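The next block holds one structure in the form of structure tokens; read it before the comments.
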Amino acid sequence: QVQLVESGGGLVQPGGSLRLSCAASGRIFSIYVMGWYRQAPGKQRELVARMTSGGSTSYADSVKGRFTISRDNAKNTVYLEMNSLKPEDTAVYSCNVELVATMNSPRYVYWGQGTQVTVSS
């Protein structure tokens, strides 16, 4: 069993910053991809940023230059540094982790419970 624990959401004014964290624990042999998705009310869930075990990153066009994803492999933790936040960044942010539990296990994707980010004055 794998657990993902997120933290760091909250209310921030436009132009402000927040840092999200997501720590994975449990039966983990290897983590391949760690990422963040978000879903705003009435909209589909969208990829915000993702990072492979090799360090390759990808970002949604809407957050490029403002958000930075990073990971600490020793802690099985992924971070999302969000700067210059805009009201349109308001959403529930969920972490997403693709991993294998043992050497012979298939890859499986786990989701965090989600954390609310609200950007408002």
Per residue, the convex hull enclosing the alpha carbons of the chain has a volume in Å³ of 95 Å³
Hey, what's the chain come to in accessible area per residue, 1.4 Å probe, Å²? 54 Å²
5 Å-binned pair-distance histogram of the stretch 33-74 (Cα, whole percent): 5, 22, 29, 21, 13, 6, 2, 0
If you place +1 on the Cβ of every Lys and Arg and -1 on the Cβ of every Asp and Glu, how big does the dipole about the Cα centre of the chain come out, in debye to the nearest 20? 100 debye
State, as an integer percentage, the relative contact order of the chain based on alpha-carbon contacts under 8 Å between residues 6 or more apart. 36 percent
By a straight-distance test (C-alpha under 21 Å), which lysines pair with Lys86 as possible cross-link partners, with residues fewer than eight away in the same chain excluded? Lys43, Lys64
Provide the net charge surrounding Leu85, with neighbours chosen by a C-beta distance below 13 Å and charges set as Lys +1, Arg +1, Asp -1, Glu -1. +1
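Please state the charge dipole magnitude for the stretch 1-71, taken about the Cα centre, from unit charges on C-beta atoms (+1 on K and R, -1 on D and E), reported in debye and rounded to the nearest 20.
Once rounded to the nearest 20, the dipole reads 20 debye.
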Could you compute the FRET efficiency for Leu11 and Ala74, with r as their C-beta to C-beta distance and R0 at 30 Å, rounded to 0.05? 0.45
Share of carbon and sulfur in the accessible heavy-atom surface of the chain [1.4 Å probe, %]: 46 percent
Of the residues Leu4, Tyr108, Val33, the Cα lying farthest along the dipole of the chain towards its positive end, which is defined by charges on the beta carbon of Lys, Arg, Asp and Glu, belongs to Tyr108
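The values are calculated or read from the model by the stated rules, or taken from the named source; none is laboratory data. Computed from a predicted model, the values in this text were never measured in an experiment. Note: ideal-geometry Cβ built from the backbone for every residue, glycine included; neighbour counts use all protein chains shown. We work out accessible area using only protein heavy atoms, side chains counted, and drop any ligands, DNA or RNA first. Shrake-Rupley method; radii C 1.70, N 1.55, O 1.52, S 1.80 Å.
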